[in-house]
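Asker: Pasting in a structure now, in structure tokens, and then I'll have a few things to ask.
The values are calculated or read from the model by the stated rules, or taken from the named source; none is laboratory data. As the structure is a prediction and not an experimental result, all values here were calculated from the model. Cβ placement follows ideal geometry from the backbone for every residue including glycine, while neighbour counts extend to all protein chains displayed. The accessibility values were calculated without ligands, DNA or RNA, using every heavy atom of the protein model including side chains. Shrake-Rupley method; radii C 1.70, N 1.55, O 1.52, S 1.80 Å.
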Amino acid sequence: MNHAKKAEIFNKDEAKVNWHDKALWYVREKRDNSAHKVQGWEYLRELGSAIKANVLSNLDEYLIQFETNAQKNGIKVHWASNAEEHNNIINSILEKHNAKKVVKSKSMLTEECHLNPFLEKKGIEVIDTDLGERIVQLAKEPPSHIVLPAIHKKKEEVDVLFQEHLGTKPSQGNPEYLVSEARKHLRNKFLNADVAITGVNFAPADTGGVVVCTNEGNADMGVHLAKVHIACMGIEKIIPKEKHLGVFLRLLARSATGQPITTYSSHFNKPDEGKEMHIVIVDNGRTEQLGREDFRASLHCIRCGACMNTCPIYRRSGGHSYDYAIPGPIGSILSPGKDLKKHSSLPFASTLCGSCSNVCPVKINIHEQLYKWRQVIVKEQKQPIVKKSVLKIAGVVLSKPKLYGFAGKSARFVLKHAPRFMIYNKLNAWGKARDLPEVKNENFDEWYKKRNKNG
Amino acid sequence: MIICSVYYIILQLFKNKQERTGHLRINNRVISYLACKKAINNNKRMKVGLFIPCYINQLYPQVGIATLELLEKLGVDVYYPKNQTCCGQPLGNSGYEEDSKGACRLFVENFKSYDYIVGPSGSCIYHVKKHFDILEQTQDVINVRNNAYELCEFIVKILGRTDLGASFPHKVGLHKSCHGLRGLKLGSCSEVMGDHYSTEEDLLNNVKGLELMSLNRKDECCGFGGTFSVFEEAISTKMGKDRINDHIDSNVEVITGADHSCLMHLEGLINRNKQPLKVMHIAEILNSQTQV
Ligand code: SF4
């Protein structure tokens, strides 16, 4: 099912769409307010973008520097060229420790690699410990947003879900009660976990450590209680120096939720005594994207989610309509690089309004890349025959003034004189909810000709 | 020439400020200097080619008429090249950029001999400036791309005028179309930190009797998006409805804007739902002499 169909289904419940739109717009406004308080915000974005561009141009060296420093600190470093290798590496670490219970703090990379179903099939219990992630996990759904994974669920729905899975009492969606019950439930899981898996927000090459940003402290809780910590990161998470965190931590939290900084910025630089720490560095299509000149800047992304919150289409179609681990505008420029056929409707799920590019803290030209993907898709993917012929013919007509004059006249004639049922029918998607413009007696050309004759 | 030199010095003085704000909000006379210099260089009066986008030509002739009359009122020599069709935007945005080259070349052919190309549609002008990079960059193509202006921008930046002597005693809501706003930078965007400015507001605030209403969401997209309006029908109409409700909640009587494609979409919804709102292109308002 393409994006438009899924969006149409989501739009059947207009009250919910309004609620979803408002919830995310509220986050966007919080972002605006907190960005306004930073003098030189736009300069900070420039810096963030420039540092990321530098990283991408020197990625090979930074990665090796990172590995060397990590190993010096006693961290075991693994390299995975794709999702399968990533999952196998993790499985082999778990096997070595005979681990059966895993707690995970939010990591979009493990979503991308479908780690949970892979491990569950092997009889391993994987618990997502970020509250939003846990909610969608219980509902057996993928996250619908990269920062607010359960933003599509109302608190009343969470109430019902918790009654079913955690045995809570009906509370009409009382947030305090639900959070405290979730906390009790998760505490148990933390205490019994063999291994903690975390994502990575930033990986400074000069320290060889990783930085994880959370609001719930669940990454720390997991890592400090388990014997083994596995951190999974895409190759683009590298930043050259630890001091550059001064740029990125400020950009990330403000762009994501409007907070000046996330509640926890956890630095994991070496394993605790008697414990093990692993880092899995994953490519999974990233070097390929790096090789595409028009699209490489998509790898600047620091996964703040601001482009989703601001996107008027995302807000009204929901994250699941994108059918990709990373939804919204950034997902629409990353996913075609992974599977052009499957995701070919996503670059068209945009009006190219450009708001995403304006909020992006690392200045990715998202809407321009959407335009570029459209050109690639039309060239490389089979197009619906009607759309294709209409646009191809339009190309010819618009390059020939005489033909164009004739086409314009006939179209206006039809619009003016055809009976209503011929114009407003199933084939005319425009006319489903909108009237067509009222046709005037003459077009501008004709008026101009007449005026010049008279004048 | 002496006057020009004086203007030149003033221009230099203003340049710093201009670079800081990133927007040409300089003394009107200084801007006229730019136009004046260009005309002197060419040793003739400024020649403006009027670009009337295809859908305005066919469906909204009144917008084309208002644009032409307005420019003439402002003392500009306006020419209307008769072989024009379309800038190629609908094709490019749908992924058929290759097939649009014929239309783009024709556009350059039609407009290459003018000092400025002016059209009442931000998104078309943006397309010419931004996406004519698919053509070989001959001097003609470069000139056309550099000299293409959206109507409001041309009036404020090149002619240096904001008070056009219009009167329009109504409560007006301004729809800031995305390609004009975020593409041509006709105004500051709500996402970007910096000083507030708006080319269209500068003009509307000088219209007698006009009350510019403040909206809840100042620059949210209306959901038109060219073929998006058809292929993503559900979202497109929902976005349009939300935009219209914002205007109604803000007591707007007339929605206006510098891009009639967005207005066509909004008008389609308003008419279908019989809502108490009128839709007019900004050129029609600026050309209006309705008595207060
Ligand atoms: S593309 Fe930019 S705005 Fe979107 S999630 Fe990534 S960093 Fe944030």
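Asker: So, B:LYS157, is that one farther than 18 Å from B:THR256 by Cα and touching a residue at least 60 places away in the same chain (Cβ under 8 Å) or not? Full working, then the answer.
Answerer: Values: farther than 18 Å from B:THR256 by Cα: yes; touching a residue at least 60 places away in the same chain (Cβ under 8 Å): yes.
Here the answer is yes, as B:LYS157 does meet what is asked.
Asker: Filter the range B:66-89 for residues that are more than 9 Å from chain A (Cβ to nearest Cβ) and free of Cβ contacts under 8 Å to residues at least 12 places away in the same chain; which is most open to solvent (accessible area, probe 1.4 Å)?
Answerer: B:GLU72
Asker: Restricting attention to the range A:236-260, and to residues there that are touching a helix residue (DSSP H, G or I) at 6+ places or on another chain (Cβ under 8 Å) and more than 16 Å from the ligand (Cβ to nearest atom), which single residue is nearest to A:LEU56 (Cα to Cα)?
Answerer: A:PRO240
Asker: Of all residues in the range A:154-169, count the ones that are out of contact with any helix residue (DSSP H, G or I) (no Cβ under 6 Å at 6 or more places or on another chain) and in a loop (DSSP other than H, G, I, E, B).
Answerer: Matching residues across the range A:154-169 total 3.
Asker: In the range B:96-115, how many residues are within 13 Å of another protein chain (Cβ to nearest Cβ), farther than 22 Å from B:HIS260 by Cα and small (Gly, Ala, Ser)?
Answerer: Looking only at that region, the number is 1.
Asker: Take the residues in the range A:70-89 that are of a type in the set (D, E, K, R) and under 27 Å from A:GLU120 (Cβ atoms), then tell me which one is surrounded by the most Cβ atoms within 10 Å (Cβ to Cβ). Steps first, please.
Answerer: So in the range A:70-89, the residues of a type in the set (D, E, K, R) come out as A:72, A:76, A:84-85.
Remaining after also requiring under 27 Å from A:GLU120 (Cβ atoms): A:76, A:84-85.
On the way: A:LYS76: 15, A:GLU84: 13, A:GLU85: 17.
Among those residues, the one meeting the criterion is A:GLU85.
Asker: I would also like to ask the following. Taking only the range A:24-53 into account, find how many residues are among the aliphatic types (A, V, I, L, M), more than 10 Å from chain B (Cβ to nearest Cβ) and surrounded by 16 or more Cβ atoms within 10 Å (Cβ to Cβ).
Answerer: Of the range A:24-53, the ones among the aliphatic types (A, V, I, L, M) are A:24, A:27, A:35, A:38, A:44, A:47, A:50-51, A:53.
Adding the requirement that they be more than 10 Å from chain B (Cβ to nearest Cβ) leaves A:24, A:27, A:47, A:50-51, A:53.
Now restrict to residues that are surrounded by 16 or more Cβ atoms within 10 Å (Cβ to Cβ): A:24, A:27, A:47, A:51, A:53.
Summing the residues that are among the aliphatic types (A, V, I, L, M), more than 10 Å from chain B (Cβ to nearest Cβ) and surrounded by 16 or more Cβ atoms within 10 Å (Cβ to Cβ) in the range A:24-53 gives 5.
Asker: Picking from A:VAL126, A:VAL136, A:VAL160, which residue would you name as being modelled with pLDDT of 95 or more, among the hydrophobic types (A, V, I, L, M, F, W, C) and open to solvent by 20 Å² or more (accessible area, probe 1.4 Å)? Lay out the reasoning, then the answer.
Answerer: Details: A:VAL126 fails: open to solvent by 20 Å² or more (accessible area, probe 1.4 Å); A:VAL136 fails: open to solvent by 20 Å² or more (accessible area, probe 1.4 Å).
Going through A:VAL126, A:VAL136, A:VAL160 in turn, just one is modelled with pLDDT of 95 or more, among the hydrophobic types (A, V, I, L, M, F, W, C) and open to solvent by 20 Å² or more (accessible area, probe 1.4 Å): A:VAL160.
Asker: List pairs: first residue in the range A:293-322 and in contact (Cβ under 8 Å) with a residue 60 or more places away in the chain and at negative phi, second residue more than 7 Å from the ligand (Cβ to nearest atom) and β-branched (Val, Ile, Thr) anywhere in the structure, Cβ distance under 6 angstrom, at least six positions apart or on different chains.
Answerer: A:SER298/A:ILE333; A:ASN309/A:VAL27; A:ILE313/B:ILE235; A:ARG316/A:VAL17; A:ARG316/B:ILE235; A:SER317/B:ILE235
Asker: Filter the range B:262-273 down to the residues that are open to solvent by 10 Å² or more (accessible area, probe 1.4 Å) and more than 8 Å from every other protein chain (Cβ to nearest Cβ) and list them by number. It would help to see each step written out before you state the result.
Answerer: Let us first name the residues in the range B:262-273 that are open to solvent by 10 Å² or more (accessible area, probe 1.4 Å), namely B:262, B:264, B:267, B:271-273.
Within the range B:262-273, B:CYS262, B:ASN273 qualify.
Asker: If I go through the range A:120-136 residue by residue, how many of them are assigned to a helix (DSSP H, G or I), over 15 Å from the mean Cα position of the chain (by Cα) and within 15 Å of A:GLY222 (Cβ to Cβ)? Explain how you work it out, then say what you get.
Answerer: If we filter the range A:120-136 for residues that are assigned to a helix (DSSP H, G or I), which is where we start, we get A:120-121, A:131-136.
Restricting the remaining residues to those that are over 15 Å from the mean Cα position of the chain (by Cα) gives A:120-121, A:131-132, A:134-136.
Filter once more, so that each one left must be within 15 Å of A:GLY222 (Cβ to Cβ): A:131, A:134.
Adding up the residues that qualify gives 2.
Asker: Take the conditions crowded, with 22+ Cβ neighbours inside 10 Å, in the same structural domain as B:ILE52 (by TED's automatic domain parsing) and not in a loop (DSSP other than H, G, I, E, B) and apply them to B:CYS152. Does it pass? Talk me through it step by step, then tell me what you get.
Answerer: Working: crowded, with 22+ Cβ neighbours inside 10 Å: yes; in the same structural domain as B:ILE52 (by TED's automatic domain parsing): yes; not in a loop (DSSP other than H, G, I, E, B): yes.
For B:CYS152, the condition - crowded, with 22+ Cβ neighbours inside 10 Å, in the same structural domain as B:ILE52 (by TED's automatic domain parsing) and not in a loop (DSSP other than H, G, I, E, B) - is met.
Asker: Kindly provide the set of residues from the range B:186-206 that are open to solvent by less than 10 Å² (accessible area, probe 1.4 Å), more than 10 Å from chain A (Cβ to nearest Cβ) and over 12 Å from B:GLY173 (Cβ atoms), ordered by number.
Answerer: Within the range B:186-206, B:LEU186, B:GLY187, B:SER198, B:THR199, B:LEU203 qualify.
Asker: Here is a further query. Just checking: which of the helices (runs of 4 or more DSSP H) contained wholly in the range A:322-394 hold 2 or more residues that are within 9 Å of another protein chain (Cβ to nearest Cβ) and β-branched (Val, Ile, Thr)? Explain how you work it out, then say what you get.
Answerer: Numbers: elements: A:328-338, A:355-359, A:366-380.
Fully inside the range A:322-394 and qualifying: A:366-380.
Asker: With among the aliphatic types (A, V, I, L, M), more than 10 Å from chain A (Cβ to nearest Cβ) and touching a residue at least 40 places away in the same chain (Cβ under 8 Å) as the only criterion, which of B:VAL63, B:VAL118 stands out? Explain how you work it out, then say what you get.
Answerer: Values: B:VAL63 fails: more than 10 Å from chain A (Cβ to nearest Cβ).
Step by step, each of B:VAL63, B:VAL118 is checked, and only B:VAL118 is among the aliphatic types (A, V, I, L, M), more than 10 Å from chain A (Cβ to nearest Cβ) and touching a residue at least 40 places away in the same chain (Cβ under 8 Å).
Asker: Another one. Can you tell me which condition B:THR237 does not meet? The list is (1) farther than 24 Å from B:PRO169 by Cβ; (2) open to solvent by less than 50 Å² (accessible area, probe 1.4 Å); (3) more than 9 Å from chain A (Cβ to nearest Cβ), and all the others hold.
Answerer: (3)
Asker: Restricting attention to the range A:359-389, report how many residues are in contact (Cβ under 8 Å) with a residue 40 or more places away in the chain and either touching a helix residue (DSSP H, G or I) at 6+ places or on another chain (Cβ under 8 Å) or near the ligand (Cβ under 10 Å from one of its atoms) (or both). Don't jump to the end; show me each part of the working.
Answerer: Going through the range A:359-389, the residues in contact (Cβ under 8 Å) with a residue 40 or more places away in the chain turn out to be A:359-366, A:369-370, A:372-373, A:376-377, A:380-381.
Of the ones still in play, those that are also either touching a helix residue (DSSP H, G or I) at 6+ places or on another chain (Cβ under 8 Å) or near the ligand (Cβ under 10 Å from one of its atoms) (or both) are A:359-366, A:369-370, A:373, A:376-377.
So the answer is 13.
Asker: Evaluate the following for B:LYS130: is it within 29 Å of A:TRP25 (Cα to Cα) and touching a residue at least 12 places away in the same chain (Cβ under 8 Å)?
Answerer: Working: within 29 Å of A:TRP25 (Cα to Cα): no; touching a residue at least 12 places away in the same chain (Cβ under 8 Å): yes.
So B:LYS130 does not fit the description; no.
Asker: Let me ask you something else. Where in the range B:34-146 are there strands (runs of 3 or more DSSP E), lying fully within it, with 1 or more residues that are within 20 Å of B:LEU186 (Cβ to Cβ) and in contact with a Phe, Trp or Tyr (Cβ under 6 Å, 6 or more places away or on another chain)? Give the steps one after another, and end with the answer.
Answerer: On the way: elements: B:47-50, B:77-79, B:116-119.
By residue number, B:47-50, B:116-119.
Asker: From B:SER167, B:SER177, B:SER100, B:SER121, which residue is out of contact with any helix residue (DSSP H, G or I) (no Cβ under 7 Å at 6 or more places or on another chain) and open to solvent by less than 20 Å² (accessible area, probe 1.4 Å)?
Answerer: Working: B:SER177 fails: out of contact with any helix residue (DSSP H, G or I) (no Cβ under 7 Å at 6 or more places or on another chain); B:SER100 fails: out of contact with any helix residue (DSSP H, G or I) (no Cβ under 7 Å at 6 or more places or on another chain); B:SER121 fails: out of contact with any helix residue (DSSP H, G or I) (no Cβ under 7 Å at 6 or more places or on another chain).
Matching residue, one of B:SER167, B:SER177, B:SER100, B:SER121: B:SER167.
Asker: Another one. Which ones in the range A:275-321 are open to solvent by less than 10 Å² (accessible area, probe 1.4 Å), within 16 Å of the ligand (Cβ to nearest atom), touching a Ser or Thr at 6+ places or on another chain (Cβ under 8 Å) and within 12 Å of chain B (Cβ to nearest Cβ)?
Answerer: Correct list: A:ALA306, A:THR310, A:PRO312, A:ILE313.
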